[in-house]
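Dumping the structure here so I can ask a few things about it.
The values are calculated or read from the model by the stated rules, or taken from the named source; none is laboratory data. Here the structure is a predicted model, which is why all the values come from computation and not from measurement. So basically every Cβ, Gly included, is an ideal-geometry build from the backbone, and we count neighbours across all protein chains shown.
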Amino acid sequence: MSGPAALPITLTPPQQLALERIVRRHTSPQALVRRAQIILAAASNEQNDLLARRLGCTRKTVRTWRARWAAAEAQLAVVEADADELLLLIEALLADAPRPGTPDTFSAEQIVQIVALACTPPATVGRPVEAWTPRELADEAIKQQIVATISPRSVERFLKSGRSQAAPKSLLAEHQGA
């Protein structure tokens with residue numbers, strides 16, 4: 001197929017070694033491996049549509065990663081002498097770009113404080129109930145100024161995510177004590 005010429009990229013031997021290391025490493029995320037494979041293949045100056053077909057991705061994907069690599073070639077050349085630093089820069093270059101959207105409403109610290117509050121008896125903070133409900137926890141979190149505002153549903157979500165991880169440990173402890 002004819003089309004615009006593919007953006008040429010060059011790989012130095014240290015860059016190629018770092019990319020191959022990413023591809024071979026068993027702990028590399030698959031998205032990172034795929035992007036490293038695209039850059040390695042793109043160094044052959046093959047057309048984007050042929051590369052895309054061979055690698056099982058779209059032409060746009062190949063164009064995107066070629067452009068990102070070409071834009072960072074000067075940065076890569078600067079750190080090339082240090083293999084570890086080069087690897088870190090390549091991993092950062094091939095990482096996902098920040099995505100739009102609203103930031104998290106609650107910090108990790110706030111969530112931990114709410115979960116810790118749920119682990120304390122309601123009577124110790126002056127609540128006239130025997131067990132916490134999401135509504136009671138939400139009200140107490142606001143009262144203690146952990147958060148400015150929070151819904152009972154959000155509190156419930158935080159507790160459910162913690163319960164799924166803690167449940168197997170508590171079951172294990174029960175079986176060991178029996």
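For (1) surrounded by 14 or more Cβ atoms within 10 Å (Cβ to Cβ); (2) farther than 12 Å from residue 94 by Cβ, each residue gets a yes or a no:
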site: 7; (1), (2): yes, yes
site: 19; (1), (2): yes, no
site: 24; (1), (2): no, yes
site: 31; (1), (2): no, no
site: 34; (1), (2): yes, no
site: 40; (1), (2): yes, no
site: 44; (1), (2): no, yes
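Here's another thing I want to ask about it. Check the stretch 81-104 and report whether any residue there is more than 30 Å from residue 20 (Cα to Cα) and either in the same structural domain as residue 39 (by TED's automatic domain parsing) or charged (D, E, K, R) (or both).
Yes.
Oh, and also: Could you please give the count of residues in the stretch 108-139 that are exposed (fewer than 15 other Cβ atoms within 10 Å of the Cβ) and either assigned to a helix (DSSP H, G or I) or outside the structural domain of residue 153 (by TED's automatic domain parsing) (or both)?
8
Within the stretch 46-57, is there a residue that is surrounded by fewer than 16 Cβ atoms within 10 Å (Cβ to Cβ) and of a type in the set (S, T, N, Q)?
no
Would you mention how many residues in the stretch 31-85 are of a type outside the set (A, V, I, L, M), more than 19 Å from residue 10 (Cβ to Cβ) and touching a Leu at 6+ places or on another chain (Cβ under 7 Å)?
The number of residues fulfilling the criteria is 0.
Pick from 142, 146: which is surrounded by 11 or more Cβ atoms within 10 Å (Cβ to Cβ), modelled with pLDDT of 95 or more, among the hydrophobic types (A, V, I, L, M, F, W, C) and not in a helix (DSSP H, G or I)?
Selected residue: 146, the only one of 142, 146 that is surrounded by 11 or more Cβ atoms within 10 Å (Cβ to Cβ), modelled with pLDDT of 95 or more, among the hydrophobic types (A, V, I, L, M, F, W, C) and not in a helix (DSSP H, G or I).
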